[in-house]
Every structure is written in structure tokens, then in C-alpha cells.
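Below is one structure, written out as C-alpha cells; the observations come after it.
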Ligand SMILES: C[S@@+](CC[C@H](N)C(=O)[O-])C[C@H]1O[C@@H](n2cnc3c(N)ncnc32)[C@H](O)[C@@H]1O
């Protein structure tokens, strides 16, 4: 799809910015999704606010002021001061219900805009994925497994607080070494095969790797490299080396439009730009929307070793 078509179909009245193949939009994605054409999106690749609450404006303000809230500084490690992480273990019953409701409503909106057979890749967290994935499946999507992104997260693995010496042999929970990404598919219409769906909607399957091997559901990854974090100072920035593999797989024929409704600083859009896929990123928070406009072309121009190896990018 050409950039002028993307602008015409998807920006109605919203502030936006265009790149070579993609656009970013300053909007609330719930509101925006209710304005765009039905069954016009081929894939969703997104990293939502896992616990919902951490990206509420009051929590972002507390984070900026270094002033408590859900963002906590983890204990320093090897002499390094770590960045604040949201504390998902502290979510109460009401907050858990809010997460369920948030993802049910979100999935219902996605069901309207996604083409039949279109996939969602949804980043999550080992503590919350079970609840989030159930909410999305219960809203009408087929659960098609998950991609395990192997990455040392620095979460968990700590000794009991204030009793470290008393219980040196104990950790209160496992050290997080993976990030689960749920894979969902909008059901293929009754009587249609995957082949029919590919022909009619350009969806239904996943794109194989460029060497012809199937897309795999375990990906050895890395923490987001410093050079990327210096380009986009977003607390949840994902690495290009990983995202380019997910975005590549999301369009089985390499045709169509990818949407990231929780774009943050635009790492999914940058991955799509690097691959030559049209993409739309939507972000509610002005500071991150503005950040994305600078960050996307620079992130998209980076050469990453993993992406080159697996996607033969030069
Ligand atoms: C986990 S972050 C994504 C970060 C992204 N992966 C990156 O690399 O920059 C989730 C983002 O969703 C945004 N967000 C939360 N609720 C939203 C909504 N209703 N509409 C659009 N964006 C929203 C937050 O401001 C936050 O930037």
C-alpha cells in the first residue's frame, strides 16, 4: 500500500507523521481503531502496557520524578544502577480485573479491523501472560502458541528481602530468562482453507525465514543494545534484532499493512521500515509520539547481526 493511501485511510483528523513506508499517529488506539476501515489490517505486532497501570499518566509522572508509584528501582547489580521496572507482583484484585477488561475490549476492537486469518503478536510477561492471553482468546481469537524470546530480564531471582543472610539458598521467584509473545489468529471463515485465505486476504499463515525454514517459536535474543536505547529513550524499547524477525513473520506473503497500536517510541515501525513493509504506529503519550518521529529512521537504518543472519539483510 502506498503512503498516500495509508494517510487517506488511517489518519482521519489525527496528528500524524509519515516515513518512507509508514506513518505514526498521535491517538488513543481504542478510539483510533473504532474509526478505521473494517478488515483492513493484515497483522498486529505490539508490546502493550503489560499491567496497563504503568503507562497511566499519573504513574509516568511519578516515574519521571523518581517518586514511587508502580515503577521501582531494582537492587543494584554488579555495581550498576538499574532502570526502574514496573512491579507486577503488587497488582491487586481490582487491578487484575482492569487488565482483563482492558485486553478484552482491545481484542474486540482488533477483531473488527483485522482481516480474517490475520495474526496478532502480543508481547507479555511471565507473570501476566496467562491472564492476558485468556482475555484475548475469549474475545474470539484462536490462540496459536507463543514465541519465547530468550532474554535475561533481571527480574526475580532475589533472596528473601531483609533475610538474605538467613536464607542464602532461597530465591523468592525464578530469575526471568524469557519474554512470552502470544500468537493469535482471527478465525479463517468457515469452509475456507489457508490457501483460500492467502489468496483472498493475504493472511492465514506466517512467513517462512528467507532461507525457506519455518518461522520458529523460540528466538535467542538480547537485552536492547545501548546504541538503540540512546536513540530512543523509552523504558520498554525492544531490540531491532528481535522485532525484525517477528514483523517479517507477520505477513505471510510480505504484502499488507502491519499495525502497532501501542507503539511507544516506534521500534516495531522501525523494524517494518527496515524490511520495506508498510506500518502504522499509534501512541497516546505525546512525549513518546514526538520521540518516535526522530527515532524511527535512525533505528531503521541500523544493521543488526541477528537480523542479518536470519533475514539475510545487507
Ligand atoms: C510497553 S510500551 C511500548 C514500547 C515500544 N515497544 C518501544 O519499543 O518503544 C507501551 C506504550 O503504549 C502506550 N499506550 C498505553 N495506552 C495506550 C492507548 N490506549 N493508546 C495508544 N498508546 C497507548 C504507552 O504510552 C507506551 O508508550
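The values are calculated or read from the model by the stated rules, or taken from the named source; none is laboratory data. All of these numbers come straight from a predicted model, not from anything done at the bench. Don't worry about glycine lacking a Cβ; one is built from the backbone with ideal geometry, like all the others, and counts go over all protein chains shown.
Would the range 64-78 turn up any residue that is modelled with pLDDT under 95, within 12 Å of the ligand (Cβ to nearest atom) and surrounded by fewer than 19 Cβ atoms within 10 Å (Cβ to Cβ)?
Restricting attention to the range 64-78, the residues satisfying the condition of being modelled with pLDDT under 95 are 64-78.
Now restrict to residues that are within 12 Å of the ligand (Cβ to nearest atom): none.
Looking for residues that are modelled with pLDDT under 95, within 12 Å of the ligand (Cβ to nearest atom) and surrounded by fewer than 19 Cβ atoms within 10 Å (Cβ to Cβ), one finds none in the range 64-78, hence no.
Please go through the range 167-200 and pick out each residue that is under 23 Å from the mean Cα position of the chain (by Cα) and outside any loop (DSSP other than H, G, I, E, B).
In the first step, residues of the range 167-200 are kept if they are under 23 Å from the mean Cα position of the chain (by Cα); the result is 175-187.
Matches in the range 167-200: 178, 179, 180, 181, 182, 183, 184, 185.
Does residue 132 satisfy being in contact (Cβ under 8 Å) with a residue 40 or more places away in the chain, under 19 Å from residue 28 (Cα atoms) and in contact with a helix residue (DSSP H, G or I) (Cβ under 9 Å, 6 or more places away or on another chain)?
Details: in contact (Cβ under 8 Å) with a residue 40 or more places away in the chain: yes; under 19 Å from residue 28 (Cα atoms): no; in contact with a helix residue (DSSP H, G or I) (Cβ under 9 Å, 6 or more places away or on another chain): yes.
For residue 132, the condition - in contact (Cβ under 8 Å) with a residue 40 or more places away in the chain, under 19 Å from residue 28 (Cα atoms) and in contact with a helix residue (DSSP H, G or I) (Cβ under 9 Å, 6 or more places away or on another chain) - is not met.
Within the range 47-69, how many residues are in contact (Cβ under 8 Å) with a residue 60 or more places away in the chain and within 20 Å of the chain's Cα centre (by Cα)? Can you show your working first?
From the range 47-69, those in contact (Cβ under 8 Å) with a residue 60 or more places away in the chain are 47-51, 55, 57, 60, 63; that's our starting set.
Now drop any that are not within 20 Å of the chain's Cα centre (by Cα), which leaves 47-51, 55, 57, 60.
Final tally of qualifying residues: 8.
Taking residue 236 and the conditions (1) surrounded by 24 or more Cβ atoms within 10 Å (Cβ to Cβ); (2) within 25 Å of residue 108 (Cβ to Cβ), which numbered condition does it fall short on, given that it satisfies the others?
(1)
Based on this model, can you work out whether residue 249 counts as surrounded by 19 or more Cβ atoms within 10 Å (Cβ to Cβ) and touching a helix residue (DSSP H, G or I) at 6+ places or on another chain (Cβ under 6 Å)? Steps first, answer last, please.
Values: surrounded by 19 or more Cβ atoms within 10 Å (Cβ to Cβ): yes; touching a helix residue (DSSP H, G or I) at 6+ places or on another chain (Cβ under 6 Å): no.
Taking the combined requirement at face value, the residue does not satisfy it.
Could you list all residues from the range 14-33 that are assigned to a loop (DSSP other than H, G, I, E, B) and more than 8 Å from the ligand (Cβ to nearest atom)?
Restricting attention to the range 14-33, the residues satisfying the condition of being assigned to a loop (DSSP other than H, G, I, E, B) are 14, 19-21, 27-28.
Those that are assigned to a loop (DSSP other than H, G, I, E, B) and more than 8 Å from the ligand (Cβ to nearest atom): 14, 19, 20, 21.
Scan the helices (runs of 4 or more DSSP H) fully inside the range 211-305 and keep the ones with 1 or more residues being over 24 Å from residue 180 (Cβ atoms). Write out each step before concluding.
Values: elements: 226-231, 240-250, 267-275, 286-300.
Fully inside the range 211-305 and qualifying: 226-231, 267-275, 286-300.
Please state which of the following conditions residue 201 fails to meet, knowing it meets all the rest: (1) in contact (Cβ under 8 Å) with a residue 24 or more places away in the chain; (2) within 15 Å of residue 270 (Cβ to Cβ); (3) more than 13 Å from the ligand (Cβ to nearest atom).
(2)
Go through the range 34-47 and give me each residue that's surrounded by fewer than 21 Cβ atoms within 10 Å (Cβ to Cβ) and within 16 Å of the ligand (Cβ to nearest atom). Don't jump to the end; show me each part of the working.
Just the residues of the range 34-47 that are surrounded by fewer than 21 Cβ atoms within 10 Å (Cβ to Cβ), to begin with: 34-40.
Residues satisfying the conditions are 34, 35, 36.
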